[in-house]
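Worksheet: one structure, shown below.
The values are calculated or read from the model by the stated rules, or taken from the named source; none is laboratory data. All figures in this text were calculated on a predicted structure; none of them were measured in a lab. Please note: Cβ atoms are built from the backbone with ideal geometry, for glycine as well, and neighbour counts cover all protein chains shown.
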Amino acid sequence: MIFAETERLFLRKLERDELPRLVQLIGVWDVVRWLSVVPFPYMMQHAEEFYAETVESYHTDMPEFFALALKTDNLLIGGIGLHAPRSATFQPGEIEIGYWLAKNFWGRGLMSEAAKPALDIGFARHTTRSIGATTSTTNHASQKILAKIGLRNLGEKAREYSALRGEESIFRWLLTREDYEQGKTA
């Protein structure tokens, strides 16, 4: 099932037979170190648990995870998700965007390309008032992506939930429905 497509990518359903590839791609320290809730080392058991949760959301009108695949071969290269916020400071009607990309695909603009239709999917939900995100204060690549797709940096905040990587502070980002709609008409 394809949820969206861009010039180079499909945002689609994750398939069970892709779990070994998921483990291989996300289980690289340079990838997983930026993901505060993904365990390291990432094992098949983690992929199975994630898949079980993900499949349930595909049967609703609010899927939470989209596998990223190049249109040329349809192979999994990353993922992007829209999910309930982990932080107590997120507001009602706010969802959180998160993403990762296999290291050998970095630097090509693929995540910025994928994030735009993910925002469209998120704001197509009538209950979504805003989309938020957090980044490590040192993850400059992710900060550039969020700024490019229209999220505003709200500044440095103390991390409110347990991070596997032990970082004490993060940058908090936000895009309101009003700003999103204004950007679509501009």
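Need at least 3 residues that are at pLDDT 95 or above per element, so show me which strands (runs of 3 or more DSSP E) inside region 1-71 make the cut, counting only ones lying wholly within it. Give the derivation first.
On the way: elements: 2-5, 9-12, 65-70.
Hits in region 1-71: 9-12, 65-70.
Among the numbered conditions (1) touching a residue at least 24 places away in the same chain (Cβ under 8 Å); (2) over 26 Å from ILE170 (Cα atoms), tell me where GLU49 comes up short.
The number of the failed condition is (1).
What pairs can you find where one residue is in region 8-27 and among the β-branched types (Val, Ile, Thr), the other is at pLDDT 95 or above and part of a strand (DSSP E or B), and their Cβ atoms are less than 7 Å apart, with a gap of 6+ or different chains?
ILE26/TRP100
Could you grab me the full set of residues in region 72-118 that are over 16 Å from GLU7 (Cα atoms) and in a helix (DSSP H, G or I)?
Listed by number, the residues that qualify are LYS103, ASN104.
For region 6-32, enumerate the residues that are surrounded by fewer than 16 Cβ atoms within 10 Å (Cβ to Cβ) and aromatic (Phe, Trp, Tyr).
Across region 6-32, the qualifying residue is only TRP29.
Quick one: in region 158-186, which of the residues that are of a type in the set (A, V, I, L, M), at pLDDT below 90 and within 19 Å of the chain's Cα centre (by Cα) is nearest to GLU94 (Cα to Cα)?
ILE170
Of the residues GLY132, GLY155, GLY150, which single one is surrounded by fewer than 21 Cβ atoms within 10 Å (Cβ to Cβ), closer than 17 Å to GLY183 by Cα, at pLDDT 90 or above and in contact with a Phe, Trp or Tyr (Cβ under 8 Å, 6 or more places away or on another chain)? Lay out the reasoning, then the answer.
Working: GLY132 fails: surrounded by fewer than 21 Cβ atoms within 10 Å (Cβ to Cβ); GLY155 fails: closer than 17 Å to GLY183 by Cα.
Only one candidate passes the filter, namely GLY150.
Check region 96-109 and report whether any residue there is in contact (Cβ under 8 Å) with a residue 12 or more places away in the chain, farther than 21 Å from LEU19 by Cβ and in contact with a strand residue (DSSP E or B) (Cβ under 6 Å, 6 or more places away or on another chain).
Scanning region 96-109 turns up at least one residue that is in contact (Cβ under 8 Å) with a residue 12 or more places away in the chain, farther than 21 Å from LEU19 by Cβ and in contact with a strand residue (DSSP E or B) (Cβ under 6 Å, 6 or more places away or on another chain).
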